[in-house]
Amino acid sequence: MGGSALLVRDLSAGYGPVRALRHVSLEVPEGTVVTVLGGNGAGKSTLLRAVCRTLSFHGGAVTGGTVTLGGRPLDRLPPDRVVAAGVSQVPEGRRVFSRMTVADNLRAGALGGAGGRVGRARALRRVHELFPVLADRAGQRAGLLSGGEQQMLAVGRALMGAPEVLLLDEPSLGLAPLMAARIADTVREINEQGTSVLLVEQNAALALRLASRAYVLEVGEVTLSGPADELAASDEVRRRYLGVVDEDAASDGAATPDGLPSLSRWKG
Amino acid sequence: MSTFAELLLNGLSLGSVYALVALGFVVIFRATEVVNFAHASLLLAGGYVTATLHDDIGFWPALLAGIAGAALVGAAVEFLVMRRYRGSDQSVLAIVTIGVDILLTTELTRRIGTDVLTPGDPWGDAVLTVGPVSIAHTRIAAFVTASLLITVFLLAFRFTSWGVAMRAAAESPETAALMGVRLGRVSLGAWAVAGGLAAVAALFLTVFPTPGLERATSLAALKAFPAAILGGLDSTTGALVGGLLVGVTESLATGYQSDLTFLGRGLGDLAPYVVMVAILLIRPAGLFGTKELARV
């Protein structure tokens, strides 16, 4: 405890002429949950791709800065070595291998890990304890699972590599609130078992409850950072990400002539 | 009736050999999304190695050398050529394979010249006769070997880590990379396996009753194209069914040619393509292919 698991320093990345990340620095201390908030296009997914070295699949590249895991540099490694070093990602939109069975998806998750046969068996036990439904559906095609179950599979698949740091890209996206809460509980449980978590979310309320520290990313730059509870209390974050309408905005609404906002006819 | 049975058995045997070649196509396509037009030259390379070595080192070692040789050529093509273009559009890569095919075929035809090389197989021209039906030993050997290889391949594809990595990479290269799959290794393996399968197919395309390995042998390999395509380019099951369908069609069309003279001669060579077009008209993705789905 206390050391930093994942350390991102001054990271810049872009897609051709488009600069998607500018001098981003953040730290995931060992054993903690850290969240990165931001709207669409803020650079959240780019950040995770830069860490996992998969930017090239999207025509992008890291243009500066460093990423280290427990002091070892991860930049310039191929993606499989990043996985072997102990960083697994649950990509946005789940991306389960839909034509493969649930069991084969989990096997695929273990391909990059360094645990060997014993490590794989232990990882599988852990995943089945976290998500018993994955054991029940082992022989079923992953494409036939519900959205929530697919998200569980995606998380379970990433855990099969027994990572030190788990990166989660919008795990609550497209899930019913109850299922999102369920996933959040699991993230907490995974963290309590000793895995550090970097959680990228648009659902700020959920993310700030889970995390001990938070960063706000806007147009490729970190604009706010601090302990999660402080950020949750800050007006800026409340207004922008927690959907809390402040007094001024509310009185603006009340100032319309008949009290009800009206839409003008569209003259397209 | 016995003619029909003979033609059917010969067709199945021939079809299983086409299936071996088509399986190679499918493996490369699934692992790299590239349609490999250089497949025929891989096959010719494997056949050539076997045919030139069997006098000196015996048939079985020569066959192994042929398999290893074709696997090496396949791996070399991937490593020296295809890898340089990774990230390019798949259609560009397909055209690159045409270039590779021209180079390899030119060199091999230069070496083979006008010769007809015998594969030196132990079956010779022996024929097994059961009642009214007679079938060449080579055809039986072809069917048994191909079935065995295909079974082993499918089991490996289904149950080994290699198979899981292969299928994961086929479904989504980026996600597979996130799981730690080494895409370069997967694609290298696919080319090598395809080469090895093609070398075995080369043997059975050059044994009795064909005269032997000649320049035109690579044309026979092209018949695996309609087999792979009508089965659906990304389906291993499709490659098998497609191969058998093409083999049987060709065999029957050739056998009953005399009854079909109003269609002209050489129908056997044409029939597989007719079947392919007919099937694609009804099922554009092939019999077992994945339909292109786009979410909007």
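The values are calculated or read from the model by the stated rules, or taken from the named source; none is laboratory data. Predicted model, so just to flag it, every value in this text is computed and none were measured. With ideal geometry, Cβ positions are generated from the backbone for all residues, glycine too; neighbour counts draw on all protein chains shown.
When residues in the range A:50-74 are screened for being in a loop (DSSP other than H, G, I, E, B), surrounded by fewer than 17 Cβ atoms within 10 Å (Cβ to Cβ) and more than 11 Å from chain B (Cβ to nearest Cβ), 2 of them pass.
How about the range A:97-150: which of its residues are within 12 Å of chain B (Cβ to nearest Cβ) and farther than 16 Å from A:Pro163 by Cα? Scanning the range A:97-150 gives A:Phe97, A:Ser98, A:Arg99, A:Met100, A:Thr101, A:Ala103, A:Asp104, A:Asn105, A:Arg141, A:Ala142, A:Gly143. Cβ-Cβ distances below 7 Å connect the following pairs, each with a first residue in the range B:165-192 that is farther than 11 Å from B:Thr32 by Cβ and free of Cβ contacts under 8 Å to residues at least 12 places away in the same chain, a second residue that is in a helix (DSSP H, G or I) and aromatic (Phe, Trp, Tyr), and a separation of six or more residues or different chains: B:Glu174/A:Phe57. Those residues that are touching a Leu at 6+ places or on another chain (Cβ under 8 Å) and touching a residue at least 12 places away in the same chain (Cβ under 8 Å), I need them from the range B:152-164; list them, please. Correct list: B:Phe153 only.
Summed over the range B:157-195, residues that are within 14 Å of another protein chain (Cβ to nearest Cβ), under 18 Å from the mean Cα position of the chain (by Cα) and over 30 Å from A:Arg49 (Cβ atoms) total 0.
Scanning the range B:154-164 for residues that are part of a helix (DSSP H, G or I) and either small (Gly, Ala, Ser) or surrounded by fewer than 18 Cβ atoms within 10 Å (Cβ to Cβ) (or both) turns up B:Leu154, B:Leu155, B:Ala156, B:Arg158, B:Phe159, B:Ser161, B:Trp162, B:Gly163.
Within the range B:3-27, residues that are crowded, with 24+ Cβ neighbours inside 10 Å sit with their Cβ atoms under 6 Å from residues that are of a type in the set (D, E, K, R), at 6+ positions apart or across chains, in these pairs: B:Ser13/B:Arg139; B:Tyr18/B:Lys223.
Criterion first (hydrophobic (A, V, I, L, M, F, W, C), in contact with a strand residue (DSSP E or B) (Cβ under 8 Å, 6 or more places away or on another chain) and under 20 Å from B:Leu9 (Cα atoms)) does B:Phe204 satisfy it?
Considered against the rule, which asks whether it is hydrophobic (A, V, I, L, M, F, W, C), in contact with a strand residue (DSSP E or B) (Cβ under 8 Å, 6 or more places away or on another chain) and under 20 Å from B:Leu9 (Cα atoms), B:Phe204 comes out as no.
Taking the range B:112-125 as the range and being in a loop (DSSP other than H, G, I, E, B), farther than 18 Å from B:Trp60 by Cβ and of a type in the set (A, V, I, L, M, F, W, C) as the test, only B:Val116 passes. If only residues of the range B:30-43 that are at pLDDT 90 or above and in a helix (DSSP H, G or I) are counted, the one that is surrounded by the most Cβ atoms within 10 Å (Cβ to Cβ) is B:Leu42. Within the range A:96-153, the set of residues being of a type in the set (Lys, Arg), closer than 24 Å to B:Arg182 by Cα and in contact with an Asp or Glu (Cβ under 8 Å, 6 or more places away or on another chain) comprises A:Arg99 only. Candidates are the residues of the range B:97-134 that are surrounded by 15 or more Cβ atoms within 10 Å (Cβ to Cβ) and hydroxyl-bearing (Ser, Thr, Tyr); the one that is nearest to B:Thr210 (Cα to Cα) is B:Thr118.
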